[in-house]
Amino acid sequence: MRIVDYALATDGGTQVIDLEKDDGQRVCIGLDGRMDSTGAGKQLFIGAGPESPNVLMLPIAGPEENEVLLLLQRWLEETQGSTRREFLMSADIETLQGQDLLDRLALEFLLVVRPRDVGT
């Protein structure tokens, strides 16, 4: 698995990571950050963005969301050992390029989605 792209929207903070799985399939996983959204900072989705025609908004704390979080956890465990994580998180982000930058942004994405308060 590997992160192939990352996007931060100008809508208030929606983030999307594009993950390529071992079988070559790609899945875009996002966190709704629209300032006017009731799910801002809480709602995960599958798709290019929360307003994309084919977006799948995942029920907060539901089984679909858990499946996506487990996929991200698997990416973390399989590709980002503790030494690499430490290197990426301590590096000046301005100096990172290519896969290092994508992995750092994905790590930051995980830091946001893991501890979020999913209560109402």
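The values are calculated or read from the model by the stated rules, or taken from the named source; none is laboratory data. This structure is a prediction, so every number in the text was calculated from the model and none was measured. Using ideal geometry, Cβ is built from the backbone for each residue, glycine included, and neighbour counts are taken over all protein chains shown.
Annotations for the structure displayed:
- A search for C-beta distances below 8 Å between a residue of region 89-101 that is under 17 Å from Arg2 (Cα atoms) and free of Cβ contacts under 8 Å to residues at least 24 places away in the same chain and any residue that is in a helix (DSSP H, G or I) and of a type outside the set (A, V, I, L, M), counting only pairs 6+ apart in sequence or on different chains, returns Leu96/Arg104.
- The residue that is surrounded by the most Cβ atoms within 10 Å (Cβ to Cβ), among those in region 24-56 that are more than 18 Å from Ala106 (Cα to Cα) and modelled with pLDDT of 95 or more, is Val55.
- Matching residues, region 68-101, being loosely packed, with under 12 Cβ neighbours inside 10 Å and under 13 Å from the mean Cα position of the chain (by Cα): Leu70
- Restricting region 8-23 to residues that are modelled with pLDDT of 95 or more and of a type in the set (A, V, I, L, M), the residue that is farthest from Pro53 (Cα to Cα): Leu19
- All positions within region 8-23 that are under 11 Å from the mean Cα position of the chain (by Cα) and surrounded by fewer than 16 Cβ atoms within 10 Å (Cβ to Cβ): Leu8
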